[in-house]
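**Student:** To start, I am sharing the structure in question, which I have written as structure tokens.
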């Protein structure tokens, strides 16, 4: 699986919040990056091309009046832009993100 490098920071932040609330151990906090490195085969850097594609998706997602308000999260758009660039299936637990992905002809697999 391929993921944007942003995922490293998003997951680290989530685990750090849980650690501060005493819902995760120090070992879990320190093990975040190694665990992600075992799961994903590669991390795509956020280069200009990916950033521009994500900004485009963010600004164009969802017609007015749809459940998706404009602009759609640029951070969530990075994952969609990466899927577009690699002609890959987006794996997400976010139904809204999956809906936006379909607007850009990206197949999405909802995970739980």
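The values are calculated or read from the model by the stated rules, or taken from the named source; none is laboratory data. Quick caveat, the model's predicted, so the values are computed rather than measured. Don't worry about glycine lacking a Cβ; one is built from the backbone with ideal geometry, like all the others, and counts go over all protein chains shown.
**Student:** Being surrounded by 15 or more Cβ atoms within 10 Å (Cβ to Cβ) and either modelled with pLDDT under 95 or farther than 23 Å from residue 109 by Cα (or both): is that true of residue 32 here? Spell out the reasoning first.
**Tutor:** On the way: surrounded by 15 or more Cβ atoms within 10 Å (Cβ to Cβ): yes; either modelled with pLDDT under 95 or farther than 23 Å from residue 109 by Cα (or both): yes.
For residue 32, the condition - surrounded by 15 or more Cβ atoms within 10 Å (Cβ to Cβ) and either modelled with pLDDT under 95 or farther than 23 Å from residue 109 by Cα (or both) - is met.
**Student:** Test each condition in (1) more than 23 Å from residue 8 (Cβ to Cβ); (2) modelled with pLDDT of 95 or more for residue 59 and report the one that comes out false.
**Tutor:** So the condition that residue 59 fails would be (2).
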